[in-house]
Amino acid sequence: MAHAQILKDSHIDFLGKRRIAAIVSGALMVICLLSILLRGFNFGLDFTGGTVIELGYEQPVEVSEITATLAEEGIVDATVQYFGSNRDILIRIAPQEGEAASATISDRVFRVLSADVEGGLELRRVEFVGPQVGEELREQGGLAVLFALIGILVYVALRFEWRFAVGAVAALMHDVLFTIGMFSLFYIPFDLTVLAAVLAVIGYSLNDTIVIFDRIRENFRKMRKGTVIEISNRSVNQTLSRTIITSGTTLLVLLALYVLGGEAIAGFSLALIIGVLVGTYSTIYIATAAAVWLGISRADLLPPEKEGTLVDDRP
Amino acid sequence: MNQYPLWKNLLILAVILFGLVLALPNLFPQDPAIEVQASEGEVDSATRAEIAATMENAGVPVKAIEKREGGKALIRFESPDAQLRGQATLDRTLEEGYQHALTQSPDLPGWVEALGLQPMFLGLDLRGGIHVLIDVDMDAAVTQALERLTGDVRTLLRNERIRYLTVGHEDGRLEVRFRDASVRDEAAKLIRREFRDLDITTGSQGGDAYLYGSLPPAKQEEIKRFALEQNITTLRNRVNALGVAEPIIQRQGERRIIVQLPGAQDPARLKDLLGATATLEYRLVDTEHAVQDALDGRVPVGAALYYERNGQPILLKRRVIVTGDQITSAAAGFDQQSGSPMVSVSLDGQGARQMRRVTTENVGKPMAVVFIESRTVTRLVDGEPVKERVRSEEVISVANILEPFGRRFQTTGLDSSEEAHNLALLLRAGALAAPIEIVEERTIGPSLGQDNIDQGMRSVLIGLALVVLFMALYYRVFGLVADLVLIVNLVLIVAVLSLLQATLTMPGIAGIVLTVGMAVDANVLIFERIREEIRNGSTPQASIHAGYDKALSTIVDANVTTLIAAIVLFSFGTGPVKGFAVTLFIGILTSMFTAILGSRALINLIYGGRRVKRLAI
């Protein structure tokens, strides 16, 4: 009886297209880098500092009225916008010279607006990040990505071989650059949760890479014949249905999270969706291709090391 | 073939049962509740009965009133609406000396509570509340210590009749100027003996002899550490006085303090109280000189120019009779004659003696009360953050001394009863040892918190349903096994989170969702391997065995690398990001257990130890 199957024993020549892939990736990387350098990021409050206030009115309100009320009080640099409906208001105040850099501005805004309102006014959310904290978070974020990459480089180098480690890290940097590049290119708000997602992308993309590397190593030991390219191709094909299924299930839940999870984690889900897609691609075309290009060979992976710190119980 | 020994099956079963029990408290709904505590002693059964009667009179339906640990009482309500009405009723009726705070409490059956089980600890983004991050200005603490030492050295030299030209401090060190070196050396010997903490050096410049004293680095560290600890204590006192259930006040890093108040809803009041360093000073009014002279820039010696609340200038004597440090207790109330808000103050022994002496000598003369407030703010100057201290000193009352007084007296002149309350609270809680500044605030209203929980739960359930459906269709019996262990995995994540009482945040829920997606990966790897083995012509039993065997090292490798990412996230992340790292970390560990051992045990039970012609995979 046949079982449901996405792919029947595929024989796709992935690595034969590695030059085209390298050109496409290279071009994408250049675009992302240029965008990051020239356009920069739409950094969220976490990184820039400043104040965000979310208010819920009982009655519909006009944005212009709120802006006017705030201006009367001398708060002129506030951006006021609807947030969902015309009763939900989001006010952003960028950090600036003077009092707005302090934690009390939100209190003033709320006091001024509640004095002016007919019907009820609910303070839903206030986020204030001081300028020095924003700077620290930016620094820590960069360091976190760096340390994650180093940690992974070391682990893969120990478990496999340095060429694999370089291939894996090249793929990871490709994924990270692409993901944040998209956030820069489309100017999507970049906050702390997006940074967390980028780190999760590192973990995820690597997951994929390891699975294929594992298979390449196994095949080198098992298959006596075949060139490096043939064996690598074979390995990618053997793991292909797993790659697609796992990416698929992960994308399923991420889509659920993106659609249903609400504003607070929309950026997070989006970053992961981009990351999972590019991570799947990079595993095949960057990680494996880079390892091949660096000259992995059968000799590097023999004699077989002693395997299995976790020993399965055999009856 | 493919049979686990009994002990292994039992072990897996035990872990799952244990997980189920630990996760159980999360199934019970949270009651809206109010916690009542007494400033001193406990809320006894009489008070509880009184509260019950009050609520009944006010027509507020109460579910239960329970005795709680630490002499507190907990009033449970049927609905959030009743809870708010209950709060209003308590505001009106509860006597002085009791505090009450809104909270939520799971309605656990007795036996669950007896086991000490608790539901997951929800972060502020899920339950609503106020989070502030406070920066302590440690350098200011050292400067203050140096200032005190400077004063002490001056007093010492004066008392010992050693003639000096100037005493001051500059660039973090004490500096005393003498006319000649022999006097300086004598002073140096004396200061070395009296102030062992100071490193003393000498020098000369422009014909004068100098003595320098600096605080050694170790001593500076000690001062900083003490300032941070003292500030935490003071902030804790202040927060406790606010009456919030389960406040969190803890140190973060070298110089930061986190304050989290679940369920609190008035960030303005909290920030005022945390950041303020309000205190009082009592001084005599200088009646011998004209105010106009001072306004023209000729402030008389021994006097200082102040302003009253209405903007009226007034000259006060420089010497302070009593400072806020000497106040041992303070309570807000109303003046019996005028009905205006006041604070009644008690002084310590030394303060009381000074007050009695000065008031005895100055009967009939006016005395002023100065209200001093200071806060630190960071301003951006040319794009660079610069710390600034803003200090305001106002004369809040001036009154003639009718008769001598000492330990206890009243101070009036406050704007409102709220100001009186806040001042009394600040005086009671003690002063801050170093100036603080709020550098981050996150306030989440209760309705938004509930929205977040609902949205999070919905996305977990729908994501889970989609994955479960796919796996069952694609891998059939094996898919159902994967589904079952996936659900067990969720239960185990909830169990571990409940056990550790790790904070569950919105990104934490995202971490759980992500784990659901990734947890099936291990099973996909195994199942694809089994299919491959079958294609290669192995028997079903051998295929199962080889599938699990060969996939193992891949699964471990793949998960360890994600663990590395989670650990890095945890050590670098703050607040919400940490929540994500925690659930990701826990999720990876539990999913490895369920996907490898759990699914194997089930597959073994279904197929193991018998002849199987075909696998439903």
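Tabulated values for the structure
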{"quantity": "Odd one out for B:Phe226 among (1) surrounded by fewer than 15 Cβ atoms within 10 Å (Cβ to Cβ); (2) without any contact (Cβ under 8 Å) to a residue 24 or more places away in the chain", "calculated": "(2)"}
{"quantity": "Single residue of A:Val80, A:Val126, A:Val109 found to be over 30 Å from A:Val176 (Cβ atoms), in contact with a helix residue (DSSP H, G or I) (Cβ under 7 Å, 6 or more places away or on another chain), away from every other protein chain (no Cβ under 14 Å) and at pLDDT 85 or above", "calculated": "A:Val80"}
{"quantity": "Residue within region B:12-30 that is in contact with a helix residue (DSSP H, G or I) (Cβ under 9 Å, 6 or more places away or on another chain), in the same structural domain as B:Ile586 (by TED's automatic domain parsing) and either charged (D, E, K, R) or more than 22 Å from B:Gln501 (Cβ to Cβ) (or both) present", "calculated": "yes"}
{"quantity": "Within region B:326-367, considering residues that are more than 17 Å from B:Arg407 (Cα to Cα) and assigned to a strand (DSSP E or B), the one modelled with the highest pLDDT", "calculated": "B:Pro366"}
{"quantity": "From the options A:Phe220, A:Phe178, residue that is aromatic (Phe, Trp, Tyr) and modelled with pLDDT of 90 or more", "calculated": "A:Phe178"}
{"quantity": "Filter pass, A:Ile210 being within 25 Å of A:Ala148 (Cα to Cα) and in contact (Cβ under 8 Å) with a residue 12 or more places away in the chain", "calculated": "yes"}
{"quantity": "B:Leu461 touching a helix residue (DSSP H, G or I) at 6+ places or on another chain (Cβ under 9 Å) and part of a helix (DSSP H, G or I)", "calculated": "yes"}
{"quantity": "Unique residue being buried (at least 18 other Cβ atoms within 10 Å of the Cβ), under 30 Å from B:Ile257 (Cβ atoms) and among the hydrophobic types (A, V, I, L, M, F, W, C) when the list is A:Val133, A:Val112", "calculated": "A:Val133"}
{"quantity": "Residue list for region B:128-153, restricted to those being charged (D, E, K, R) and at pLDDT 85 or above", "calculated": "B:Asp135, B:Asp137, B:Asp139"}
{"quantity": "Selection within region B:427-450 - surrounded by 18 or more Cβ atoms within 10 Å (Cβ to Cβ), part of a helix (DSSP H, G or I) and facing another protein chain (nearest Cβ under 8 Å)", "calculated": "B:Leu448"}
{"quantity": "Matching entry among A:Arg125, A:Arg87, A:Arg159 (being out of contact with any strand residue (DSSP E or B) (no Cβ under 6 Å at 6 or more places or on another chain) and among the basic types (Lys, Arg))", "calculated": "A:Arg159"}
{"quantity": "Region B:430-458: number of residues that are of a type in the set (Gly, Ala, Ser), within 30 Å of B:Ala278 (Cβ to Cβ) and in contact with a strand residue (DSSP E or B) (Cβ under 8 Å, 6 or more places away or on another chain)", "calculated": "3"}
{"quantity": "Qualifying residues in region B:139-185 (those that are in a helix (DSSP H, G or I) and either within 14 Å of another protein chain (Cβ to nearest Cβ) or without any contact (Cβ under 8 Å) to a residue 12 or more places away in the chain (or both)) - the one farthest from B:Ser447 (Cα to Cα)", "calculated": "B:Ser182"}
{"quantity": "Of residues in region A:244-273 being closer than 26 Å to A:Ile12 by Cβ and surrounded by 22 or more Cβ atoms within 10 Å (Cβ to Cβ), the one farthest from the other protein chains (Cβ to nearest Cβ)", "calculated": "A:Leu254"}
{"quantity": "From A:Ile23, A:Ile31, A:Ile36, residue being among the hydrophobic types (A, V, I, L, M, F, W, C), touching a helix residue (DSSP H, G or I) at 6+ places or on another chain (Cβ under 6 Å) and closer than 19 Å to A:Met182 by Cα", "calculated": "A:Ile36"}
{"quantity": "Residues satisfying the stated conditions in region B:1-60, i.e. aromatic (Phe, Trp, Tyr), assigned to a helix (DSSP H, G or I) and within 14 Å of chain A (Cβ to nearest Cβ)", "calculated": "B:Trp7"}
{"quantity": "B:Ile75, sole failed condition from (1) surrounded by fewer than 18 Cβ atoms within 10 Å (Cβ to Cβ); (2) part of a strand (DSSP E or B)", "calculated": "(1)"}
{"quantity": "Region B:548-573, residues that are facing chain A (nearest Cβ under 7 Å) and touching a residue at least 24 places away in the same chain (Cβ under 8 Å)", "calculated": "B:Tyr548, B:Leu552, B:Thr554, B:Val556, B:Ala558, B:Thr562"}
{"quantity": "Odd one out for B:Arg251 among (1) modelled with pLDDT under 85; (2) surrounded by fewer than 18 Cβ atoms within 10 Å (Cβ to Cβ); (3) not in a helix (DSSP H, G or I)", "calculated": "(1)"}
{"quantity": "Hits in region A:269-283 - residues which are in contact (Cβ under 8 Å) with a residue 24 or more places away in the chain, under 14 Å from A:Tyr204 (Cα atoms), hydrophobic (A, V, I, L, M, F, W, C) and in contact with a helix residue (DSSP H, G or I) (Cβ under 7 Å, 6 or more places away or on another chain)", "calculated": "A:Ala271, A:Leu272, A:Ile274, A:Val276, A:Val278"}
{"quantity": "Options B:Val468, B:Val494, B:Val513, B:Val488; residue that is within 20 Å of B:Gly19 (Cβ to Cβ) and in contact with an Asp or Glu (Cβ under 8 Å, 6 or more places away or on another chain)", "calculated": "B:Val468"}
{"quantity": "Where a residue in region B:520-543 is more than 9 Å from chain A (Cβ to nearest Cβ) and crowded, with 21+ Cβ neighbours inside 10 Å and its partner, wherever it lies, is acidic (Asp, Glu) and part of a helix (DSSP H, G or I), with Cβ under 6 Å and at least six apart", "calculated": "B:Ser543/B:Glu533"}
{"quantity": "Qualifying residue in region B:480-489 (condition: at the interface with chain A (Cβ under 9 Å from one of its Cβ atoms) and over 19 Å from B:Ile555 (Cβ atoms))", "calculated": "no"}
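For (1) closer than 27 Å to B:Tyr474 by Cα; (2) assigned to a helix (DSSP H, G or I), each residue gets a yes or a no:
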| site | (1), (2) |
| --- | --- |
| B:Tyr548 | yes, yes |
| B:Phe580 | no, yes |
| B:Met592 | yes, yes |
| B:Ala595 | yes, yes |
| B:Ala601 | yes, yes |
| B:Arg611 | yes, no |
| B:Arg614 | yes, no |
| B:Ile617 | yes, no |
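The values are calculated or read from the model by the stated rules, or taken from the named source; none is laboratory data. As the structure is a computational prediction, the values presented were derived from the model and not from experiment. Positions of Cβ are backbone-derived with ideal geometry, glycine not excepted, and every protein chain shown enters the neighbour counts.
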